[in-house]
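First comes the structure, then the notes that go with it.
The values are calculated or read from the model by the stated rules, or taken from the named source; none is laboratory data. All figures in this text were calculated on a predicted structure; none of them were measured in a lab. Here the Cβ is made from the backbone with ideal geometry for all residues, glycine too, and neighbour counts use every protein chain on show. Ligands, DNA and RNA are excluded from the accessible area calculation, which covers all protein heavy atoms including side chains. Shrake-Rupley method; radii C 1.70, N 1.55, O 1.52, S 1.80 Å.
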Amino acid sequence: MEVKPSSEQEAARLDAVLQKIERVRQARRHKFYLRDERITLSHGSGGKATHNLIEGVFAPTFSNPLLDALDDAAVFSLDGSNLQLAFTTDSYVVSPLFFAGGDIGKLAVHGTINDLAMAGAQPLYLSASFILEEGFPIADLRRIVASMQQAANDAGVAIVTGDTKVVQRGKGDGVFINTAGVGLRRARWPLGQTCLQPGDIVLLSGSAGDHGIAIMLAREALDIETDVQSDTAPLHTLVAALLESVGERLHCLKDPTRGGVATALNEMALASEVAIGLDEQAIPVHPGVRGACEILGLDPLTIANEGKLLAVVASEAAEEALAVMRAHPLGREAAMIGSVQAEPPGLVFLRTEIGGMRVLDMLVGDPLPRIC
Amino acid sequence: MKFVDEYRDPELAKRIAAEIARLSDGRPLKFMEVCGGHTHTIYKHGIEDVLPRSIDLVHGPGCPVCVLPMGRIDDAIAIARTDGVIFTTFGDMMRVPGSKGSLLDAKADGADVRFVYSPLDALKLARQHPERQVVFFAIGFETTAPSTAVTLLRAKAEGIKNFSVFCNHVTIIPAIKAILDSPDLRLDGFIGPGHVSMVIGMRPYTFIARDHHKPVVIAGFEPLDIIQAVYMLVKQISEGRAEVENQYTRVVRPEGNVRALEAMARTMELRPFFEWRGLGFITHSALKLRSEFADWDAELRYEVPGLRVADPKACQCGEVLKGVIKPWECKVFGTACTPETPIGTCMVSPEGACAAYYNYGRFSMAAERDHLRSLSQTP
């Protein structure tokens, strides 16, 4: 026979459970801890494991006021000048080197341009460093370099310095590329992931997950045929149009690369201590990406993009920002996907298609090989 | 998108949920799903949010990753560390901790561990690398066992000798039996696994209705599939019936898939007993390779520690799997045990009840509190 607990016991049990749930909520908002003894592929996924590594090793050691913001680019002025510069760097280790919609070279140029653009800067100069593996075909290298120059020409930036190293066969994966970039900051107001305010509207410039799925499908193990192409593109002209029309009502720009839209929004929610509510049905996802995600058990919102941006704007500027994005070739499918709320801070949640509600967490560390 | 959107219609969901509320008339009901895919769908789409609060979904031992005991993972890691071996596994097995680290750690340490989407991909690797030994880490219920069987048949037919299978396939019916025999059981019915039933058919579940008087509804994996299955369960209860019904008629045949069962029977046989994480040893609950396939049996080919490793003391995966406690009632949930640092396997796979709850848990503290209060008021 079951003994029914007294109401006090029941209340105490309930309190204990509620405290636990509150602890989980705190833990989610919390600092990142690095417990691993070795680097695993998860540390490169762009999700939580990557944050654990950055906050466990790099950030505390290198700590300085410019770095501590942990934004895509550092922004600073030179003595006596009222010009602000943005400075960033990124490495590219994608496999395969050539894929539907692009190649590693194009990606290396676009990625760094986009990091500068997200800081509200106009990209000016890039560097390019190559780590080449013994035996790598020169013809492939020519193709990659030509693609980089083409991408730089199209974007109106110049590659002005560089470096080359060669490693023994088996010590690299064909070619790794690092690019750094300098840009001139146009936005002269607070713009970044700490600047979200309750009431703001979140816009996404186009469909989610194209790049990551294109790369995954390019790997031989998956025999899925789709028309999905990488979305790799330089976003600085789209950003320039937004800065011009929306001005100070633009609060944050972020390109949802590794870890996807979910991770980028979680970073913003944590940095600004706000909640972000999304409407799943409003988020554009191409049928090919959606289909591949259904088959592979992936969430398009945690898949990488290389030519999309998230813009957070004051609510009165949302319609205008949407119109500006849709008028730009890279923002034709732009959509308002959610809004910023005060409570509960640090959390991103999603109203699902079926009408349910759930938390949308950061990518935790996928078992999939690197994709950008 | 065709074949997806039809199963996610919010208006229809609302209508069925209202009908469930009417039929159940506020009576609290607990249903267990015994398929990790269902657990994942329930959390991913926030289905508990759509259903009336009186309906409680309990997430049973349906995730093959979650029920694998640590000793077997240690064995897998030992094989993976053997010289010359390419060890292949499904992706979500990579992060599951054994007693000394996971396959991902072994990989970081230098073991050649690769993830594949199918055992046939592992066989392909064996053909491409005749100088290496390729081992496939076979896990899963009757859903994945047929593809392992077909791969074994093909390896034998082609005479591929540098390929072997570390077999950990388990069968769902003995696990359900163990749960039904558990003294702390408080369930009102089962949502039957869709893909497993596609293979085994409907007949193996009849004892649940006949001997235990609990209704079973085999369901598909879209949100409306689950909601409809709950409706069918509630309807059975309101009409005083306990039967095995099939909601997933577009895939599941009453007799199952005879060819898949045949392939399994040709390559595998029941083990006398097998350990399930959290549930302990269950008789006739797992499969091993038949002696005709001894040449492809990694358990015979490699020396493995074969030790039984006790679950961490703090871990309450067993109670979670049996539905005795909710994930957040576990002592270490969300504190010592998180998706990044899992202690119990329920936290590792995204299909695990704890990981699903942690990742997709209800967002609103207020709603959580109300729900818990309503649960605690149940008689």
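Tabulated results
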read-out	value
Matching strands (runs of 3 or more DSSP E) fully within the stretch A:258-372 where at least 3 residues are open to solvent by 20 Å² or more (accessible area, probe 1.4 Å)	A:335-341
Helices (runs of 4 or more DSSP H) fully within the stretch B:230-332 counting 3 or more residues that are open to solvent by 60 Å² or more (accessible area, probe 1.4 Å) and free of Cβ contacts under 8 Å to residues at least 40 places away in the same chain	B:258-267
Out of A:69, A:73, A:49, sole residue that is surrounded by 12 or more Cβ atoms within 10 Å (Cβ to Cβ), in contact with a helix residue (DSSP H, G or I) (Cβ under 6 Å, 6 or more places away or on another chain), in contact (Cβ under 8 Å) with a residue 40 or more places away in the chain and within 19 Å of residue A:180 (Cα to Cα)	A:73
Among (1) over 13 Å from the mean Cα position of the chain (by Cα); (2) in a strand (DSSP E or B), the one test that residue B:161 misses	(2)
Qualifying residue in the stretch B:83-100 (condition: away from every other protein chain (no Cβ under 14 Å), of a type outside the set (Asp, Glu) and open to solvent by less than 20 Å² (accessible area, probe 1.4 Å))	yes
Flag if residue B:105 is touching a residue at least 60 places away in the same chain (Cβ under 8 Å), within 14 Å of chain A (Cβ to nearest Cβ) and open to solvent by 50 Å² or more (accessible area, probe 1.4 Å)	no
Residue A:95 being in contact with a strand residue (DSSP E or B) (Cβ under 9 Å, 6 or more places away or on another chain), of a type outside the set (Lys, Arg) and surrounded by fewer than 24 Cβ atoms within 10 Å (Cβ to Cβ)	no
In the stretch B:340-356, residue nearest to residue A:276 (Cα to Cα) [restricted to those that are at the interface with chain A (Cβ under 9 Å from one of its Cβ atoms) and either at pLDDT 75 or above or outside any loop (DSSP other than H, G, I, E, B) (or both)]	B:355
Residue check for residue B:96: touching a strand residue (DSSP E or B) at 6+ places or on another chain (Cβ under 6 Å) and more than 15 Å from residue B:268 (Cβ to Cβ)	no
Any hit, the stretch B:52-61, residues being in contact (Cβ under 8 Å) with a residue 60 or more places away in the chain, open to solvent by 10 Å² or more (accessible area, probe 1.4 Å), more than 9 Å from chain A (Cβ to nearest Cβ) and more than 24 Å from the chain's Cα centre (by Cα)	yes
Residues that are open to solvent by less than 10 Å² (accessible area, probe 1.4 Å) and either within 11 Å of another protein chain (Cβ to nearest Cβ) or not hydroxyl-bearing (Ser, Thr, Tyr) (or both), drawn from the stretch B:29-42	B:29, B:31, B:32, B:33, B:34, B:36, B:38, B:42
Residue within the stretch A:30-37 that is within 14 Å of another protein chain (Cβ to nearest Cβ), outside any strand (DSSP E or B), over 26 Å from residue A:345 (Cβ atoms) and open to solvent by 60 Å² or more (accessible area, probe 1.4 Å) present	yes
Selected residue [at the interface with another protein chain (Cβ under 10 Å from one of its Cβ atoms) and closer than 25 Å to residue A:112 by Cα] from A:285, A:348, A:359	A:285
The stretch A:118-147, residues that are polar (S, T, N, Q), touching a Lys or Arg at 6+ places or on another chain (Cβ under 7 Å) and open to solvent by 30 Å² or more (accessible area, probe 1.4 Å)	A:122
Filtered residue count, the stretch B:112-132, keeping only those that are more than 12 Å from every other protein chain (Cβ to nearest Cβ) and open to solvent by less than 50 Å² (accessible area, probe 1.4 Å)	5
One residue from A:295, A:303 being of a type outside the set (S, T, N, Q) and within 11 Å of another protein chain (Cβ to nearest Cβ)	A:295
